[in-house]
Each structure stands twice: as C-alpha cells, then as structure tokens.
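Worksheet: the structure to be examined is printed underneath.
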Amino acid sequence: MEDENISEERINSLKQKMKARSWTDAELNMLAPKQWSFVNRMHKLNKYKLIAEVVQINDHCDLNPEIGDKYVFNFGAILNLKESTLPGVCMWALAGITPFSYIMLDRIISDLDPNSIFRNQVTCTDCSVRNGGLGNVVFKLYCEKIVT
C-alpha cells in the first residue's frame, strides 16, 4: 500500500469519526501519511470475514477441535464468537494466525485478492508431542466476502 494523497477535507471527516470512538486530538495529530492511508481504506475490511479453519490436528489439543472447526474474525481482527465453532479461544492458535492476518488485511485494503497469498496454512505455536510440546493444530486461512 503506497501513501495516497488524501484531501484535508477527507482527513477532517475521518478525524470526526475517530473522535466519536474516543481518539484524542493529540493521538490524531501523531498519525503519519501511511497511517491516514490505512484509515482512509479500512472501511474495505467490512466487506470480508477472515476465517481460520482447522485442517489438521497433530497429536493432541486440549480444545479437542475437529477438522472443519474455525475461528471467524470480522473487520479484520475482531473474533466473532457466534460464528466461530472452536470450543474455546487459544492464544497459542491466535499467535500463529496473527502474522498472516496482517498480510491478508493489507491485500484487502490494497484492492488485491486476500486469498491469493502464497502461504495460506499456519499452525498454533505448540510444537507437538514429538517436539517437546503437547499438540499442534494446522489452520487454513481464507477470507469470505460478506454478502449484503
């Protein structure tokens, strides 16, 4: 995503919306052009759900997931507990998912296909029984367009 030339009028409009969400003038004045470029485009994230679907379970997982269970995230990073089917939230799973979610979100706001990333499978950070851990879960990451 390259910096875009955003008009003062648009930035002022964005500032008003952000102030309604508790941003202060001091915080808003710290934003660099690259950050304003992101803020100007982040509405595009509303059009997608990010899904992390269980595709493989190595050894054991205390959540007892099944193949096909999933975490669903709205607006790029907000876990949707109602649509998620895993029986709990595991920070080790989220730690493995997070870095790749940034790549997919950047592709969305850059008007690129988020599902065309070359590496769409990630693992939780537990390294499995055979490697000194307890288990390991592999997730396939993909985005679904929200139909309105």
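The values are calculated or read from the model by the stated rules, or taken from the named source; none is laboratory data. Source: prediction; values computed, not measured. Heads up, the Cβs are rebuilt from the backbone with ideal geometry, glycines too, and the neighbour counts pull from every protein chain shown.
Values computed for the structure shown
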{"quantity": "Some residue of the range 116-125 being in the same structural domain as Ile51 (by TED's automatic domain parsing) and in contact with an Asp or Glu (Cβ under 9 Å, 6 or more places away or on another chain)", "calculated": "no"}
{"quantity": "Enumeration of residues in the range 119-134 that are in a helix (DSSP H, G or I) and either in contact (Cβ under 8 Å) with a residue 60 or more places away in the chain or in contact with a Lys or Arg (Cβ under 8 Å, 6 or more places away or on another chain) (or both)", "calculated": "Val129, Arg130"}
{"quantity": "Some residue of the range 67-80 being free of Cβ contacts under 8 Å to residues at least 60 places away in the same chain, part of a helix (DSSP H, G or I) and of a type outside the set (Phe, Trp, Tyr)", "calculated": "no"}
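Condition check ((1) farther than 19 Å from Thr125 by Cα; (2) modelled with pLDDT under 95; (3) not assigned by TED's automatic domain parsing to the domain that holds Tyr102) across all residues:
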position	(1), (2), (3)
Met1	yes, yes, yes
Ala32	yes, yes, yes
Glu53	no, no, no
Asn58	no, yes, no
Asp62	no, yes, no
